[in-house]
Each structure stands twice: as C-alpha cells, then as structure tokens.
Amino acid sequence: MNSVTRGKWLAALCLVPFALFFIVFQIAPLVWVLINSLQSEEFGWGLANFTRIFSSKFYLQAIQYSLEISFWSSVFGIIIAVLGSYSLRRVDSRLRNFVNAFANMTSNFAGVPLAFAFIILLGFNGTITIMLKQSGIIQDFNLYSKTGLIILYTYFQIPLGVLLLYPAFDALREDWRESAALLGANGWQFWRHIGLPVLTPALLGTFVILLANALGAYATVYALTTGNFNVLPIRIAAMVSGDISLDPNMASALAVVLVALMTLVTIVHQLLLKRSYHVSR
C-alpha cells in the first residue's frame, strides 16, 4: 500500500465518527419522523395526516404565518446586516472588534430571556411602547401579533446576519472600486455590476440560513405568547407534549411539511446560485 492510498484510507477512517454522528442524530430521526407521519390512529397507513393538514384552515394558517414571519424577518434582518457589515469595514478597528463581539454575544441571546426583554420594552405596558404613545408616534402596538413577532425575529436575525456577511466583504477589493471610478463608473454602477454579483452567493446563503433559523424558532415565540400563536413549531410541540391534543403522528406530518419547506427553499437557493454564476460569467 503506497502513501497515497494509505492517506485516503486514513482520511476515510477519520470520517467514521462524523458519519456515525450524522446517521444517528440526523438521518435516523428524520426517517423515524417520516415513517410516523404516514401512520394515523384512525385510518392506519397512508397520507391521511397530510390530507388533514392541507384541508384544514387552521394548519394552513400555521404554515402561512410561519412563512410570512420567517420571510419578512429574514428580509429585514439581511438588509440591516448588509448595511452594518459594510459600515464595519469603514470604521475604526476597535469599534469594529467591539461590534463583532457584541454581535457574537447577542446572536446567542434568544429564548425566554429575549422574550422577557421584549415584554419589558415593547409589551402593552413596555417602556418604549409607553414613550412612543405619549409622544404621539403610535396609537397602539401589539407585541403579541404577527407584526410584533416579525420585529422580535428580526432582532435575533441581525447579529447572525452580520456574523455571516462580514467576512464576505473581504471579497470586495478596494482597487476594484478605484478602477471602476477611473473608468467613469459611479457608485450605483459599481455595486450593480461588481459589488452585488460578487456578494450574491453570500447574500443568498445567508438569507437561507436566516430563513431556516426563523422557521425553526420555538422557545422565543412560545415564551412570548405562551404557545397561543399559530406557527408550525408551536403546533408540533403542542401535539407532542400536549395533554388534550396529543397526536405524535400528526406532529411528525407537520415536521415533514416543515422539512419540505426548507428543502424547497434550499433548491431555489441552489438554482439562483447557478443562475447568478452564469450571469456573472
């Protein structure tokens, strides 16, 4: 056995722990959920659970709300993250390091503490809510509505977006801007023909990650609404741990729908990446 073959076998051996971990904690649970989604206590094996989901306005509303909140929070989050990441490239290094450290810390600030903080600030009697009402800026604001949840989700999307997009701006070289300016291009033309095409893969990848992050969020929305807002993670958890609506098979079907949505988003992401690659060439 030569050194090249020995190196390949050693690399394959090093992959065994990761492969076992991936199969046990990723593939096996997904297969178990898929199998259970095809079982129904009333109708046995079949697609009864999925038929019930797509014929029920209640479950369709959960899917709609999950998609709307995830989409808009991801859009707002990535817009603010792009502006923030670009600005960090233009400021002093000490401020840049502080903001990066702060973003790293706040990206992990979620769940019950985040919900409690927003209740104090933007609840019905929250500090900021009362200040805005007294100043006449707003008449009413409901943190526990879809709009309130979009604001809440956007908050924890921004730090993650900054952390993911900040390194992407390393691909933009300053001499490209100078060369474009010498050739007569203005700022908008530079970003349209050079900046955005270079950043497109990072932007699309970050958007998909933010979308997945929002679609799977559970602890924050549950702590804020005590499980009374109709989104997919809340419905899945209620059917797994609920005393009245206990139905693990239906929970598995909803989980499969959630996975299918993320799979569809990932496929669209890959198609857009290929299209942007061909356009840039």
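The table below gives the values:
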{"read-out": "Residue, surrounded by the most Cβ atoms within 10 Å (Cβ to Cβ), within region 68-101, restricted to residues that are more than 15 Å from G205 (Cα to Cα), among the hydrophobic types (A, V, I, L, M, F, W, C) and in contact with a helix residue (DSSP H, G or I) (Cβ under 7 Å, 6 or more places away or on another chain)", "value": "I69"}
{"read-out": "Filter result (open to solvent by 40 Å² or more (accessible area, probe 1.4 Å) and outside any helix (DSSP H, G or I)) within region 177-191", "value": "L183, G184, N186"}
{"read-out": "Residues located in region 152-176, provided they are within 21 Å of P233 (Cα to Cα) and open to solvent by 70 Å² or more (accessible area, probe 1.4 Å)", "value": "Y155"}
{"read-out": "Test set (1) surrounded by fewer than 19 Cβ atoms within 10 Å (Cβ to Cβ); (2) in contact (Cβ under 8 Å) with a residue 60 or more places away in the chain; (3) of a type in the set (A, V, I, L, M) - I194 fails condition number", "value": "(2)"}
{"read-out": "Members of region 173-192 that are of a type in the set (A, V, I, L, M) and out of contact with any helix residue (DSSP H, G or I) (no Cβ under 6 Å at 6 or more places or on another chain)", "value": "A181, L182, L183, A185"}
{"read-out": "Matching residues, region 137-163, being out of contact with any Leu (no Cβ under 9 Å at 6 or more places or on another chain), touching a residue at least 12 places away in the same chain (Cβ under 8 Å) and part of a loop (DSSP other than H, G, I, E, B)", "value": "N142"}
{"read-out": "Subset of region 102-141 [under 14 Å from L224 (Cα atoms) and either of a type in the set (V, I, T) or open to solvent by less than 60 Å² (accessible area, probe 1.4 Å) (or both)]", "value": "A110, G111, V112, L114, A115, A117, F118, I119, I120, L122, G123, G126"}
{"read-out": "Check on A260, open to solvent by 40 Å² or more (accessible area, probe 1.4 Å) and in the same structural domain as A62 (by the TED database)", "value": "yes"}
{"read-out": "Residues of region 35-57 satisfying the condition of being surrounded by 17 or more Cβ atoms within 10 Å (Cβ to Cβ) and among the β-branched types (V, I, T)", "value": "I53"}
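The values are calculated or read from the model by the stated rules, or taken from the named source; none is laboratory data. Since the structure is predicted, the reported quantities are computational estimates derived from the model, not experimental observations. Reconstructed Cβ throughout: ideal geometry from the backbone, glycine too, with neighbour counts over all protein chains shown. For the accessible areas, the whole protein counts, side chains as well, though only heavy atoms, and no ligand, DNA or RNA atoms are used. Shrake-Rupley method; radii C 1.70, N 1.55, O 1.52, S 1.80 Å.
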